[in-house]
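Undergrad: Next up is a structure, given as structure tokens.
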Amino acid sequence: MLENIRIVLVEPKGSGNIGSVARAMRNMGVKELALVGGGRTKSFWARAMAVHAKEILEKARRFNSLREAVADCGLVVGTTCRGGLYRSHSCSPRAEAPRI
């Protein structure tokens with residue numbers, strides 16, 4: 001089931017964050033990483049933080065927009081640490097897990 005999950009990072013801050021996400025993906029068995037906007041997968045920090053997940057970094061796909069990155073997805077779930085006026089629908093990861 002996890003082979004159907006794509007992690008999309010939009011304008012990631014710092015290549016170390018990309019590496020950390022790749023490492024977490026590998027630990028959970030998720031293999032598809034997509035990047036929208038900035039972020040370097042070949043930098044020292046991305047590779048250092050990825051540890052054993054360098055293959056995920058090497059296979060990461062780049063897209064020009066979020067719409068393009070999720071165009072072939074059947075369900076899209078977004079996360080953020082920021083609150084906002086226009087974020088009216090929110091739920092916990094535990095609540096969304098059955099849908100995924």
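The values are calculated or read from the model by the stated rules, or taken from the named source; none is laboratory data. Quantities reported herein were computed from a predicted structural model and do not represent experimental measurements. All Cβ positions, even for glycine, are placed from backbone atoms using ideal geometry, and neighbour counts span all protein chains on display.
Undergrad: Looking at region 64-71, can you tell me whether even one residue there is farther than 27 Å from residue 98 by Cα, in contact (Cβ under 8 Å) with a residue 24 or more places away in the chain and either touching an Asp or Glu at 6+ places or on another chain (Cβ under 6 Å) or not acidic (Asp, Glu) (or both)?
TA: yes
Undergrad: Continuing with the same structure: From the list 29, 78, 14, which one is farther than 22 Å from residue 2 by Cα and without any contact (Cβ under 8 Å) to a residue 60 or more places away in the chain?
TA: 14
Undergrad: Another question, if that's okay. Quick one: is residue 35 in contact (Cβ under 8 Å) with a residue 24 or more places away in the chain and either among the β-branched types (Val, Ile, Thr) or closer than 27 Å to residue 92 by Cα (or both)?
TA: Yes, satisfied.
Undergrad: Let me ask something else about it. For region 64-84, how many residues meet the condition of being among the charged types (D, E, K, R), at pLDDT 95 or above and in a loop (DSSP other than H, G, I, E, B)?
TA: 1
This table checks each residue for (1) of a type in the set (S, T, N, Q); (2) surrounded by 15 or more Cβ atoms within 10 Å (Cβ to Cβ); (3) in a helix (DSSP H, G or I); (4) at pLDDT below 95.
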residue	(1), (2), (3), (4)
3	no, no, yes, yes
8	no, yes, no, no
20	yes, yes, yes, no
23	no, yes, yes, no
27	yes, no, yes, no
39	no, yes, no, yes
42	no, no, no, yes
56	no, yes, yes, no
62	no, no, no, no
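Undergrad: Regarding residue 35, is this residue in contact with a Pro (Cβ under 9 Å, 6 or more places away or on another chain), on the phi < 0 side of the Ramachandran plot and modelled with pLDDT of 95 or more?
TA: It is true that residue 35 is in contact with a Pro (Cβ under 9 Å, 6 or more places away or on another chain), on the phi < 0 side of the Ramachandran plot and modelled with pLDDT of 95 or more.
Undergrad: Right, next: I need the full set of residues from region 86-100 which are within 19 Å of the chain's Cα centre (by Cα), of a type outside the set (Ser, Thr, Tyr) and at pLDDT 75 or above, in order please.
TA: Selection gives 91, 93, 94, 96, 97, 99.
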